[in-house]
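The values are calculated or read from the model by the stated rules, or taken from the named source; none is laboratory data. On a predicted model such as this, the values are computed, not experimentally measured, just so you know. Backbone-built Cβ (ideal geometry, glycine too); neighbour counts: all protein chains shown. The protein model used for the area step is the full one, side chains on, heavy atoms only, and it has no ligands, DNA or RNA in it. Shrake-Rupley method; radii C 1.70, N 1.55, O 1.52, S 1.80 Å.
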Amino acid sequence: AKGRGPNNHVLFEPEMQAKVSRRAKLEGELRGAIDKGSIGAFYQPLVDLRSGDVCGFEALARWKNEDGEFVPPNVFIPLAEEAGLITPLFQQLLRQACEAARSWPEGMGLSFNLSPVQMEDRMLPTRVIGILDEVGFPPERLELEITENALVSDPDLAAHIMDSLSSRGVQIALDDFGTGYSNLSQLARFRFDKIKIDKSFVAACGTDERQEKVIRAMLGLSRSLHAKTTVEGIEDHRQLAHFVSQGCDLGQGYLLGRPMPAEDVLMYLSDRRQV
Ligand code: C2E
Ligand code: CA
Ligand code: CA
Ligand code: CA
């Protein structure tokens, strides 16, 4: 074809170049947003499936860029990791979330996501405790969610970090259980207060008997390890009823409450109490 030289890939260069420069631009914008402190969080309710009470909220990072568009966390969190910006972003978001959560009813929990690279940071427990002390938020009300992938690269260090956070009273949850790269024998080394079943299992439940058996086994495993279970991604009443009947402890999903800005949390809680 016309224009095709001996090195086919040369033709793709402009496209590559465009991709690289889009990325560099986004990285620059992210750096700026972190400097300005303009990345915030939405809060999604975690509901006790026996009582129906809200027992906490998960903070989910939200970045509205200068064009007023939301950049999804699945895009900017990996970018922050690669650009070495995850620690400043984390500290800023955690401080902000703890400040917001201070005004919630007593005992209401705050769950917060850690990215896998943070489990390679020896200073993490000190950073977390420092922020809790500074804000005056009790460690027992904070839960840190980590994924299986966070435990793979340096399991000894990860165990050390988790133990030192646990010893200060911080709760540890295993997020997205069943979707990561770890194996069960590795997982047995770690102590979790909670295990979160990934939403991909929920989407499949009720349509496939084998999937339901896997879910039942995960709930059993979690129970025998004395961890509470949360199921995420509950979108309809059929899914809700299924997990209630299976004895799952907590639920999270659009049916129970969507992620909302901090200023809506108290209103949401009082509206719920009236129904
Ligand atoms: P995640 O920790 O598994 O969070 C749950 C995701 O599922 C959230 O997406 C939430 O909005 C979404 N979700 C909740 N209920 C439903 C539902 O009923 N149906 C469906 N389809 N989705 C539901 P979001 O907010 O886009 O966050 C995506 C991921 O980004 C999170 O997954 C987490 O891994 C990461 N992330 C978010 N905030 C942070 C953060 O502050 N730090 C780190 N390290 N990662 C974060
Ligand atoms: Ca999570
Ligand atoms: Ca999750
Ligand atoms: Ca996830």
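Looking at (1) in contact (Cβ under 8 Å) with a residue 40 or more places away in the chain; (2) part of a loop (DSSP other than H, G, I, E, B); (3) open to solvent by less than 40 Å² (accessible area, probe 1.4 Å), find the lone condition where F243 falls short. With respect to (1) in contact (Cβ under 8 Å) with a residue 40 or more places away in the chain; (2) part of a loop (DSSP other than H, G, I, E, B); (3) open to solvent by less than 40 Å² (accessible area, probe 1.4 Å), F243 is out only on (2).
Residue pairs whose Cβ atoms lie under 7 Å apart, sitting 6 or more positions apart in sequence or on different chains, and linking a residue in region 207-236 that is closer than 19 Å to Q171 by Cβ and away from ligand 3 (no atom under 16 Å from the Cβ) to a partner that is of a type in the set (K, R) and in a helix (DSSP H, G or I), do not occur here. Scan region 66-73 and give yes if some residue there is out of contact with any Lys or Arg (no Cβ under 9 Å at 6 or more places or on another chain) and in contact (Cβ under 8 Å) with a residue 40 or more places away in the chain, otherwise no. There is no residue in region 66-73 that is out of contact with any Lys or Arg (no Cβ under 9 Å at 6 or more places or on another chain) and in contact (Cβ under 8 Å) with a residue 40 or more places away in the chain.
Among the residues making up region 55-85, a single one is more than 16 Å from K25 (Cα to Cα), open to solvent by 20 Å² or more (accessible area, probe 1.4 Å) and of a type in the set (A, V, I, L, M): L60. For region 109-135, which positions are open to solvent by less than 50 Å² (accessible area, probe 1.4 Å), over 16 Å from A150 (Cβ atoms) and more than 16 Å from ligand 2 (Cβ to nearest atom)? I129, G130, I131, L132, V135, listed by residue number.
Here F42 clears all of (1) within 16 Å of ligand 4 (Cβ to nearest atom); (2) of a type in the set (F, W, Y); (3) assigned to a helix (DSSP H, G or I) except the condition numbered (3).
Cβ separations smaller than 7 Å between residues 6+ apart or across chains give no pair from region 122-145 residues that are modelled with pLDDT under 95 to residues that are hydrophobic (A, V, I, L, M, F, W, C) and not in a helix (DSSP H, G or I). If you go through region 208-265 and keep only what is in contact with a Phe, Trp or Tyr (Cβ under 6 Å, 6 or more places away or on another chain) and among the β-branched types (V, I, T), you end up with I215, V231, V265.
Within the bounds of region 19-26, is there any residue that is crowded, with 17+ Cβ neighbours inside 10 Å and touching a helix residue (DSSP H, G or I) at 6+ places or on another chain (Cβ under 7 Å)? There is no residue in region 19-26 that is crowded, with 17+ Cβ neighbours inside 10 Å and touching a helix residue (DSSP H, G or I) at 6+ places or on another chain (Cβ under 7 Å).
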